[in-house]
1. Fewest to most neighbouring Cβ within 10 Å: what's the order for 159, 57, 147?
2. How many nm is it between the label spots at residue 182 and residue 131, if each spot is 7 Å from the Cα in line with the beta carbon?
3. May I ask you to derive the FRET efficiency for residue 87 and residue 112 from their Cβ-Cβ distance with R0 = 45 Å, giving the value to the nearest 0.05?
4. Can you put 66, 191 in order of Cβ neighbours within 10 angstrom, beginning with the fewest?
5. How high is the relative contact order of region 142-198? Use alpha-carbon pairs under 8 Å, at least six apart in sequence, and give a whole percent.
6. Between region 65-89 and region 157-188, what is the separation of their alpha carbon centroids in Å?
7. Where in region 178-198 is the amide nitrogen less than 17 Å from a point lying 7 Å along the Cα-to-Cβ axis of residue 163?
């Protein structure tokens, strides 16, 4: 028992050696310096030497590029706005040029209608001008709708009123057309005003 007490009271040799090894290892890792505040690594020195912002000449070049890009964009914006305005202003030019011969025909027909004694000849002349006008408009993509006798379609027709259908098969169909509807390149530009059979 006494030997055991003696062993417990004395510091062991292994404890001292562990402490010595720990301090030696720490000094070796730190390069012999134990103060962390004084330590610097080569990576830290490299980042301190490099400037984070471009120097004056690089900044001037970047600013010049930015100003040129901004000026180009402003020119592009103005040019497209002008082209759009010109397009809107002159959009109907080709249609009007195509209608001018029809207007010329009407101007020639008006004096002859004032002195005309033959009504049938005058009517035939008016029908020729009308057919020329219809062909010109059709060439530009305008098509009249055929609504009479068709089933009512809210996408094409505008119902003005309802009348009792003359026959049972005409219920829900267009029995009369007050104003003709028109399509421009298969898009409705004017709805047909119709009377529906009830």
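Rule-based calculations on the coordinates, nothing more; no lab input. Fair warning: this is a prediction, and the values are worked out from it, not measured in the lab. Positions of Cβ are backbone-derived with ideal geometry, glycine not excepted, and every protein chain shown enters the neighbour counts.
1. Values: 159 14, 57 8, 147 23.
Going from least to most buried by this count: 57, 159, 147.
2. 2.1
3. The pair residue 87/residue 112 has a calculated efficiency of 0.70.
4. Values: 66 10, 191 18.
Ordered from fewest to most neighbouring Cβ atoms within 10 Å, 66, 191 come out as 66, 191.
5. On the way: 130 pairs, mean separation 26.4, N = 57.
Reported as a whole number, the value is 46 percent.
6. 48
7. 178-180, 193-198
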